[in-house]
Amino acid sequence: MSKTIVLTGASDGIGAASAETLVSLGHQVILVGRSAEKTRAVARRVGADQYLLADYTKLSDVRDLADALRDRLDRIDVLANNAGGLFAGPVATQDGFEKTFQVNHLAPFLLTHQLTDVLLASDAAVINTSSIGARLFGNIDIDDLNNFHHFTPNKAYGDAKLANILFTKGLHARFHDQGLTSVAFHPGNVATNFASDTTSYFRWVYHGFLKAFLISPEKGGRNLTHFITGQPGISWESGHFYGDNRRITRTNPQASDMALIHQHWERSAEMLGIH
């Protein structure tokens, strides 16, 4: 059965690879990217009918994106929050938040919130692209979510990817009994332009000789596609984090702290002016 899918981070990497497969399967895919040139090129290449632009360093763009989606779509079967990255910093956005935190967590949190009524009416699934970085580097301080005081590229990224998992579990706790499902997953260590503008040692992994040991965007895209096209309760269980082997996988212990999950949600909402 054809699904209506909103796919962010679709202008390259696993998003672009997944988009090609999804369109070939007959799904209606709305691509979302930051670069007009790259997103347009992917839409033409894969044969997608629609694409929209949003720069996640500007929360006004996220609100405009939500409005555009609501205007265009009567239903959304899948919202795939796939946009993100590891950045140098700390860098404050025009909204006053640290870039890594905003792009990876606050922006998809806001987009999902702005579309919640449509998602609930559609019995939708929310797919959040996370990372094993949540376990390796994440250590959330609820009083320093932006990491302005203890910033390193790896910690900021790990915290943001852990935030994706907390968000997934928060969505499940709040909305699963209303028909919404949610999942977070690690796509694998994919050969992309990841960390290219940072001093993180990941830059040398992803752009040096070790790049030969990374998986292709196509393989990572297949993992993304698996969760987008899968049937909740059969292909995957709502409220969990999956590894690149598509199995429920151990992650950061903080992801099991329900008090933190609730508190992190409330702090994120407060930052965004959501009541």
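Of note:
- Scope segment 112-126; condition among the aliphatic types (A, V, I, L, M) and either assigned to a loop (DSSP other than H, G, I, E, B) or surrounded by fewer than 24 Cβ atoms within 10 Å (Cβ to Cβ) (or both); matching residues: LEU115, VAL118, LEU120, ALA121, ALA124
- Selection status of ARG246, modelled with pLDDT of 95 or more, among the basic types (Lys, Arg) and surrounded by fewer than 20 Cβ atoms within 10 Å (Cβ to Cβ): yes
- Against the numbered list (1) of a type in the set (Ser, Thr, Tyr); (2) buried (at least 19 other Cβ atoms within 10 Å of the Cβ); (3) in a helix (DSSP H, G or I), SER60 comes up short only at (2).
- LYS169 satisfies every condition listed in (1) in contact (Cβ under 8 Å) with a residue 60 or more places away in the chain; (2) more than 18 Å from PHE227 (Cα to Cα); (3) of a type in the set (Lys, Arg) except (2).
- Of the listed requirements (1) closer than 30 Å to ARG75 by Cβ; (2) in contact with a Ser or Thr (Cβ under 8 Å, 6 or more places away or on another chain); (3) touching a residue at least 60 places away in the same chain (Cβ under 8 Å); (4) not hydrophobic (A, V, I, L, M, F, W, C), ASN104 misses just one: (2).
- A residue that is over 14 Å from the mean Cα position of the chain (by Cα) and either farther than 28 Å from LEU272 by Cβ or modelled with pLDDT under 95 (or both) occurs somewhere in segment 30-40.
- Some residue of segment 177-190 being in contact with a helix residue (DSSP H, G or I) (Cβ under 7 Å, 6 or more places away or on another chain), farther than 20 Å from GLY15 by Cα and surrounded by fewer than 20 Cβ atoms within 10 Å (Cβ to Cβ): yes
- Those residues of segment 1-44 which are over 21 Å from LEU119 (Cβ atoms), assigned to a loop (DSSP other than H, G, I, E, B) and of a type in the set (Gly, Ala, Ser), in sequence order: SER11, GLY26, SER35
- Any chance ALA80 is assigned to a strand (DSSP E or B), in contact with a Phe, Trp or Tyr (Cβ under 9 Å, 6 or more places away or on another chain) and within 20 Å of SER130 (Cβ to Cβ): yes
- Out of GLY85, GLY89, GLY96, sole residue that is outside any strand (DSSP E or B), surrounded by fewer than 17 Cβ atoms within 10 Å (Cβ to Cβ) and among the small types (Gly, Ala, Ser): GLY96
- Extreme residue, nearest to THR152 (Cα to Cα), among residues of segment 169-205 that are at pLDDT 95 or above and assigned to a loop (DSSP other than H, G, I, E, B): HIS186
The values are calculated or read from the model by the stated rules, or taken from the named source; none is laboratory data. Because the structure is predicted, anything quoted here is derived from the model rather than measured. Here the Cβ is made from the backbone with ideal geometry for all residues, glycine too, and neighbour counts use every protein chain on show.
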